[in-house]
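As structure tokens, the structure follows; a few thoughts come after it.
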Amino acid sequence: MNKKYYPSAFILYLNYFIHGIGASVLGQVAVKETLVKQWGASDIGLVTMVAAALGLGRLIALPFAGPLSDKLGRKVASIIGAGSYAIFFLGLAMSPNMTVAYIAAILGGIANSFLDTGVIPACVEILAPRSSMATMLTKLSISLSQLYMPFMIGAIFGENLSLNVLLYVCGAAIAIIGVLVLFAPLPKMETAGGAKSSLIQDIKHANFSLESIALIIIGFTGTATFQLWLNCAQDFAKEYAKIGDPSVMQTYYSTGSLVAIVVTTVLVNKIKGVRFLFVYPLIATIMIALVYLLRTPSICYIGSAVVGYSAGAVVLQLVTATANDLFPKIKGTITSIVMIASSLSNYTILSLAGTMDKADILLMNIGITVVGVLLALFVNVRYKAMEEKA
């Protein structure tokens, strides 16, 4: 680890603080109600479908965002990400209808892709060899903003201000962060050397194993678990558990995520991150099932904290760190591949959820998470076999 780059890492992680708001603002019931009113609509499910467009934007950008990061540098990718996110926030604030908001959300997804393939590899390189800690810190930045977001929204509504205030502030803030990234020094990238290759060539020579493919699929299932909870659990709690202000669940969720980050960051220095890929989704499966069956306010609050701990993107961060360790010469490209799986989940699963009953959404979440548990069990068995051979 080179301490002279620590200030640069701090600036890079600020992008993820704003990203935390962008990734979950469309899941807040109060925000959904505000936006459908702004658009002159009545179906709150439309906002969930707009949130799905974040995944579509990521899908559009990821195939070339990772290779661009590997070839042109982490700084270029990070700046593109910050600029696109600024447009997302401003576009959402000014959206007169769902169509404009949908386009803005696609740009938000594109921003996420470039931040993932620029910021994460850069921070892994700054904090090397502690790749798991580097990715955990991105989640820490996200969880901090998500923890305080309900209070921000409450303060804005308490002052009888428009939600647009939060969106405009976030847009301006990440634009400023992009300028700071422009002047921040970054370490020299670790590259494969020799002639520059294409994404297809990088993938062709990557020597994918069954466990690496399983890891990529876990990127899909892990994303589905927390995205379905973030975007739909509050709706379930309001309708079935009769919670008057379900936005409080966001605070419980974010608190659980923060605890997970601290605990996992400590533990990954002693226990391999791949072990948590089985344990955490298993805990999430049990908790979501309890929420579905019991349907009380208390279990919804507890469920938010537990799901935040066990599924609040920590699994995705650990998958990314493990994949980066498996493919050290193409960190940006392999991050793209994992995030493509994640984005497919975001887009397809949330689009489907926008047309489903809220209770059925929880059942779907349980099923998808169980698949992740089984895949993680397979990966752990294979890793254990490899360790015994070594």
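The values are calculated or read from the model by the stated rules, or taken from the named source; none is laboratory data. Every value quoted in this text rests on a predicted model; they were computed, and no experiment measured them. Positions of Cβ are backbone-derived with ideal geometry, glycine not excepted, and every protein chain shown enters the neighbour counts. Only protein heavy atoms, including side chains, enter the accessible area calculation; ligands, DNA and RNA are left aside. Shrake-Rupley method; radii C 1.70, N 1.55, O 1.52, S 1.80 Å.
For the stretch 254-266, the criterion of a residue being in contact with a Gly (Cβ under 8 Å, 6 or more places away or on another chain), at pLDDT 95 or above, within 25 Å of GLY367 (Cβ to Cβ) and not charged (D, E, K, R) is satisfied by no position. Note on the stretch 6-22: residues that are hydroxyl-bearing (Ser, Thr, Tyr), within 25 Å of GLN250 (Cβ to Cβ) and open to solvent by 10 Å² or more (accessible area, probe 1.4 Å) total 1. Every test in (1) open to solvent by 20 Å² or more (accessible area, probe 1.4 Å); (2) at negative phi is passed by GLY40 save one, and that test is (2).
The numbered conditions (1) within 29 Å of MET356 (Cβ to Cβ); (2) not in a helix (DSSP H, G or I) are all true for SER298 except (2). Only residues that are over 26 Å from LEU26 (Cβ atoms), open to solvent by 30 Å² or more (accessible area, probe 1.4 Å) and touching a Leu at 6+ places or on another chain (Cβ under 8 Å) were counted across the stretch 263-294, and they come to 1. One residue stands out in the stretch 326-365 among those that are surrounded by fewer than 16 Cβ atoms within 10 Å (Cβ to Cβ) and among the charged types (D, E, K, R): the one that is modelled with the highest pLDDT, namely ASP360.
Could you run through the stretch 69-83 and say how many residues are open to solvent by less than 40 Å² (accessible area, probe 1.4 Å) and of a type outside the set (Gly, Ala, Ser)?
2
The listed residues are ILE60, ILE126, ILE120, and the only one of them that is hydrophobic (A, V, I, L, M, F, W, C) and open to solvent by 10 Å² or more (accessible area, probe 1.4 Å) turns out to be ILE60. If the condition is being more than 18 Å from GLY118 (Cα to Cα) and assigned to a helix (DSSP H, G or I), then the stretch 1-31 contributes LYS3, LYS4, ILE21, SER24, VAL25, LEU26, GLY27, VAL29, ALA30, VAL31.
Go through the residues of the stretch 103-112 one by one and say whether even a single one is at pLDDT below 90, open to solvent by less than 10 Å² (accessible area, probe 1.4 Å), assigned to a helix (DSSP H, G or I) and closer than 19 Å to VAL181 by Cβ.
So far as the stretch 103-112 goes, no, none of its residues is at pLDDT below 90, open to solvent by less than 10 Å² (accessible area, probe 1.4 Å), assigned to a helix (DSSP H, G or I) and closer than 19 Å to VAL181 by Cβ.
Number of residues in the stretch 89-101 that are touching a helix residue (DSSP H, G or I) at 6+ places or on another chain (Cβ under 6 Å) and either open to solvent by 40 Å² or more (accessible area, probe 1.4 Å) or not in a helix (DSSP H, G or I) (or both) equals 4. SER145 meets the conditions (1) among the polar types (S, T, N, Q); (2) modelled with pLDDT under 80; (3) in a helix (DSSP H, G or I) in every case but one. The failed one is (2). Within the stretch 16-43, the set of residues being over 17 Å from ILE156 (Cβ atoms) and of a type in the set (Asp, Glu) comprises just one member, ASP43. Please work out if ALA86 is surrounded by 20 or more Cβ atoms within 10 Å (Cβ to Cβ), more than 16 Å from the chain's Cα centre (by Cα) and within 15 Å of THR335 (Cα to Cα). Taking the combined requirement at face value, the residue does not satisfy it.
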